[in-house]
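Please read the structure below before turning to the comments.
The values are calculated or read from the model by the stated rules, or taken from the named source; none is laboratory data. These numbers come from a predicted model, not from an experiment. No Cβ is skipped: glycine too gets one built from the backbone with ideal geometry, and neighbour counts run over all protein chains shown.
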Amino acid sequence: MLSLGALSACLWCCGLVQTAPAPGSLSRPRSMGVPMSPCPSVFRYERRGGGWAGVVTVPTPPTDMPLVLRVDLTIAAALTTKYAGTLQLQEGRRALLARLAAGDRRPVRYLLRFPANMPLPTVTRVHAMGQNLCRRAAAGGGAVGVREPGVTTTISLEHSVRPERVVDDAQAPPATGSSSTPSTARPPGTVQLFVQNDSTPEAPLQGASTAETTSEDSDDDDQVCGRPVHHRLLVAGGGASNPGDWPWLSAVFVSTSLGLEYHCAGSLVSAGHVLTAAHCVHRHNPEALLVYLGRHNVRKWTEPQAQAREVAAVHVHPDHQAANYTADVAVLQLSERVAYDWFVRPVCIDWTGPEALGEVVGRVGTVVGWGRDEHGHALSSEPRAASLPIVSQEACLRSRTEFLHVTSERTFCAGFRNGSGPCNGDSGGGLVLPGPVDPAQAGSAGAAGPWFLRGVVSLSLMDGERRTCDLRHYVVFTDVAKFRGWLSGLIRAPRRAVRPPPGSTKQVEVETQTDLDDQPIWDSDPLPN
């Protein structure tokens, strides 16, 4: 019997990872410098999550007056994408409006996330309530790093908060949130950056302007969960996939000193939540994480169908133990809801069949991710799908004694043990099983039931020679069905997957908002039982 300390396990994405440039990242700097703030009482740089952010402090506005904040930045270099950063309230919008209505006149604070940390942008102006609260006489300067001679990028971020009132839809105010506006001047060598939350498809932090939904409750997930708009039959053993084939597939990135680094996969389970493995995220603060939905090629930053969301809170299951991967499951609460479309849809999580593992033993599930491919590449540019049969606990434990330490009644094993399956980079991804075909669609061409999430990729044994996952043995998954109560209570998941009647789904406008209505952005404590 091996001791736990002798156990060799390979955690996907915690080892061999592909470092990708952050949106707007620049060439490698010689050193890291922080520009001087022209007015420290209004704006200051602050260390957060291994990088830098800005904190903006402004006076409270008069009663019933909208609070509109604009921050102008410059970077003495060219950005590679249209991601301009974000401007967020440090407290929830509702909390702010409530305290203002109660007469609380304390200053309002915002968190400014930069598009690049090397070099850091320089603040040139802070404008609120019709006046300049802070201004730098000369733009540029102050940021340390390798610069592109003669090029200056100008960024303007704007955030607005308006008192709540009842209005007609035709005269509803613009969505509260963060956007960037174009600069009016074009000096020689200036790169203008223009990003709008509602119309620029290349901007990473934005969603589509419409969504297949009828309200903001979980019934929306009932209607679309687990149903790709288009889907190809999976070849034996898996293979390449097209955009939209697996619309719940999520890419979790971590912010490092070198930029954004792909870290793990996840599954969209509601418009505001992504399910992943606890070992992927339990050591990270929410502000260090960025989640992409609808992403296909993780080496491209300009995919128009992709929606990026910051993480407002990380909910790790309270039973999680890092030493033996007990309860290896976590939920990422997104800073704003995604918009459902052809490329972004949730997977069904309310398992309709019995929870007992014996009911699914022998069934073949599908795992999709950007992990190591058959050519040995540590990270695949595009997601690949693999088929894996679920096996009994007895078969798993008999195959290798090491599994005694990392399996339980809340895990299961799967795999062909032929060298194929999820590997480095696939941790946190989901194993999905097809549900029953809708009787109304039975017999029709291409009829298929919704896909249900049954497992989360947790770990495998390690190949000591190649220092990678050993797919000659089974892969261990967290059994999502055993966490249904915790998960449903956390995200208010639907109770069943229902195909909407023909013509019942309508298109409605979606308002984007960068800050949560009910929680401050620094809330990262796991929920109690």
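Structure data summary
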| item | result |
| --- | --- |
| Residue within the range 363-382 that is aromatic (Phe, Trp, Tyr), under 23 Å from ALA278 (Cβ atoms) and modelled with pLDDT of 90 or more present | no |
| Test set (1) closer than 22 Å to PHE452 by Cβ; (2) of a type outside the set (A, V, I, L, M, F, W, C); (3) in a loop (DSSP other than H, G, I, E, B) - ASP319 fails condition number | (1) |
| The range 467-488 residues that are among the small types (Gly, Ala, Ser), paired with ones that are modelled with pLDDT of 85 or more (beta carbon under 7 Å, 6 or more apart) | ALA481/ARG454 |
| Among the residues listed as ARG70, ARG28, the single one being surrounded by fewer than 20 Cβ atoms within 10 Å (Cβ to Cβ) and modelled with pLDDT of 80 or more | ARG70 |
| Selection status of ARG147, modelled with pLDDT of 75 or more and not hydrophobic (A, V, I, L, M, F, W, C) | no |
| Tally, over the range 465-481, of residues that are modelled with pLDDT of 80 or more and surrounded by fewer than 19 Cβ atoms within 10 Å (Cβ to Cβ) | 1 |
| Candidate set from the range 449-464 (those that are assigned to a loop (DSSP other than H, G, I, E, B) and either on the phi > 0 side of the Ramachandran plot or under 28 Å from the mean Cα position of the chain (by Cα) (or both)); member that is modelled with the highest pLDDT | PRO450 |
| Failed item, numbered, when GLY49 is tested on (1) modelled with pLDDT of 75 or more; (2) on the phi > 0 side of the Ramachandran plot; (3) in contact with a helix residue (DSSP H, G or I) (Cβ under 7 Å, 6 or more places away or on another chain) | (1) |
| Any hit, the range 334-357, residues being closer than 24 Å to GLU394 by Cβ, buried (at least 23 other Cβ atoms within 10 Å of the Cβ), at pLDDT 90 or above and of a type outside the set (Gly, Ala, Ser) | no |
| Sole residue being modelled with pLDDT of 80 or more and either assigned to a loop (DSSP other than H, G, I, E, B) or not hydrophobic (A, V, I, L, M, F, W, C) (or both), chosen from GLY489, GLY443 | GLY489 |
| Subset tally (residues that are in a helix (DSSP H, G or I) and of a type outside the set (Phe, Trp, Tyr)) for the range 385-438 | 11 |
| VAL291 vs. criteria out of contact with any Pro (no Cβ under 9 Å at 6 or more places or on another chain), of a type in the set (Val, Ile, Thr) and either under 23 Å from SER458 (Cβ atoms) or modelled with pLDDT of 90 or more (or both) | yes |
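Conditions tested, residue by residue: (1) under 24 Å from SER156 (Cα atoms); (2) part of a strand (DSSP E or B); (3) at pLDDT 70 or above; (4) acidic (Asp, Glu).
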{"residue": "LEU2", "(1), (2), (3), (4)": "no, no, no, no"}
{"residue": "PRO35", "(1), (2), (3), (4)": "yes, no, yes, no"}
{"residue": "ARG44", "(1), (2), (3), (4)": "yes, yes, yes, no"}
{"residue": "VAL55", "(1), (2), (3), (4)": "yes, yes, yes, no"}
{"residue": "ALA78", "(1), (2), (3), (4)": "yes, no, yes, no"}
{"residue": "LEU97", "(1), (2), (3), (4)": "no, no, yes, no"}
